[in-house]
Amino acid sequence: MLRNCSLSFYRSIVMTIVVFLLAGGITAWAGSLQDLRASGALGESTSGYAVARDPSATAEVASINEKRKAVYAKKAAAQGVSIDEVGKVYAKEIFKKVPAGTWLQNEQGQWVEK
């Protein structure tokens, strides 16, 4: 009986730690996205994907875009449209919501600061 209690206790501790680590990871990613935007190292494109404006941001931008692509693919499949179409719709919303100072890439590939 005591042994089962201990095992259950340890499992709950481990699960609590996992939840906190996952929550912290999500927050850290969101924070770094904002930091990269604010520094100008990352910009947003009309395709709905982030673009590394500085080589130091390449890995983080790839990770961000991988997550966005998964969301876009899910929405595209549900709506029977292409991932590119979904990305363009999301880009319009991203452009509206990003803070002033964020770099935006227009259809011609030119960078404009919001």
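Residue by residue, here is whether (1) closer than 24 Å to Asp35 by Cβ; (2) out of contact with any Gly (no Cβ under 9 Å at 6 or more places or on another chain); (3) among the small types (Gly, Ala, Ser); (4) modelled with pLDDT of 95 or more holds:
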{"site": "Ser56", "(1), (2), (3), (4)": "yes, yes, yes, no"}
{"site": "Glu66", "(1), (2), (3), (4)": "yes, yes, no, yes"}
{"site": "Lys74", "(1), (2), (3), (4)": "no, yes, no, yes"}
{"site": "Val86", "(1), (2), (3), (4)": "no, no, no, yes"}
{"site": "Val89", "(1), (2), (3), (4)": "no, no, no, yes"}
{"site": "Ala100", "(1), (2), (3), (4)": "yes, yes, yes, yes"}
{"site": "Trp103", "(1), (2), (3), (4)": "yes, no, no, yes"}
{"site": "Asn106", "(1), (2), (3), (4)": "yes, yes, no, no"}
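Among the residues of the stretch 82-104, is any in a loop (DSSP other than H, G, I, E, B) and either open to solvent by 80 Å² or more (accessible area, probe 1.4 Å) or among the acidic types (Asp, Glu) (or both)? Yes: one or more hits.
Looking only at the stretch 105-114, residues that are exposed (fewer than 11 other Cβ atoms within 10 Å of the Cβ) and aromatic (Phe, Trp, Tyr) come to 0 in all.
Considering the stretch 59-81, and only residues there that are within 16 Å of the chain's Cα centre (by Cα) and small (Gly, Ala, Ser), the residue that is most open to solvent (accessible area, probe 1.4 Å) turns out to be Ala59. Contact annotation: residue pairs with Cβ atoms under 7 Å, 6 or more positions apart or on different chains, pairing a residue in the stretch 92-113 that is hydrophobic (A, V, I, L, M, F, W, C) with a partner that is open to solvent by 80 Å² or more (accessible area, probe 1.4 Å), are Val98/Lys114; Ala100/Lys114; Trp103/Arg53; Trp103/Glu113; Leu104/Lys114.
Selection over the stretch 38-66 of residues that are in a helix (DSSP H, G or I) and either within 16 Å of Gly109 (Cα to Cα) or touching a residue at least 12 places away in the same chain (Cβ under 8 Å) (or both) gives a count of 9.
The values are calculated or read from the model by the stated rules, or taken from the named source; none is laboratory data. Computed from a predicted model, the values in this text were never measured in an experiment. Heads up, the Cβs are rebuilt from the backbone with ideal geometry, glycines too, and the neighbour counts pull from every protein chain shown. Note: accessible area is taken over every heavy atom of the protein model, side chains too, but ligands, DNA and RNA are not part of it. Shrake-Rupley method; radii C 1.70, N 1.55, O 1.52, S 1.80 Å.
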